[in-house]
1. Give the order of Thr19, Thr72 when sorted by the count of other beta carbons within 10 angstrom, beginning with the fewest.
2. Please sort by residue number the chymotrypsin sites (Phe, Trp or Tyr not before Pro) in segment 1-92 whose DSSP state is loop and whose Cβ has at most 14 other Cβ atoms within 10 Å.
3. State to the nearest 20 debye the size of the charge dipole of the chain about its Cα centre, where the only charges are +1 on K and R beta carbons and -1 on D and E beta carbons.
4. Working from Cα positions, state the angle (0 to 90°, nearest 10) between the long axis of helix 2-23 and the longest principal axis of the chain.
5. Using all C-alpha to C-alpha distances in the chain, build P(r) with 5 Å bins and read off the rounded percent in each one.
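Every number here is computed from the coordinates shown, using simple stated rules; none is lab data. The model shown is predicted, which means the values in this text are computed figures rather than measured ones. All Cβ positions, glycine included, derive from the backbone under ideal geometry; neighbour counts span all protein chains shown.
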Amino acid sequence: MLNYFFLFLAIITETAGTTLLKMSEQFTKIVPSIFSILCYVVSLYLLSLSLRTVPIGIAYATWSALGVALITISGICFFKQMPDLGAIVGLILIVSGVAVLNLFSKMDIH
């Protein structure tokens, strides 16, 4: 269960890194640039810890789906980027697909 916590923290730090990447304005602002890179490094490290027991397919699908959903929320909150109906439906389908994968997949780590 701890490895899923590492995966959750990896997703949060990756989302923070992506938000800071946007705030860095193509690495022209030093503080958000440094913290963005730091977030990505921490995120990848946490992802690597989660992969000890979480199958890579499930980990990456979860990382991708929750990351997309969280970065969309970040876009709304920080950048006033409102998703349209197509984006909302797409996000629901992505998150639903990963939920099915996590709930019903019998993948195991070797």
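1. On the way: Thr19 22, Thr72 18.
Neighbour counts put them in this order, fewest first: Thr72, Thr19.
2. Of the chymotrypsin sites (Phe, Trp or Tyr not before Pro), the ones in loops of segment 1-92 whose Cβ has at most 14 other Cβ atoms within 10 Å are Phe27.
3. So the magnitude is around 80 debye.
4. Computed tilt is about 20 degrees.
5. That works out to 2, 13, 19, 20, 18, 14, 9, 4, 1, 0, in percent per bin.
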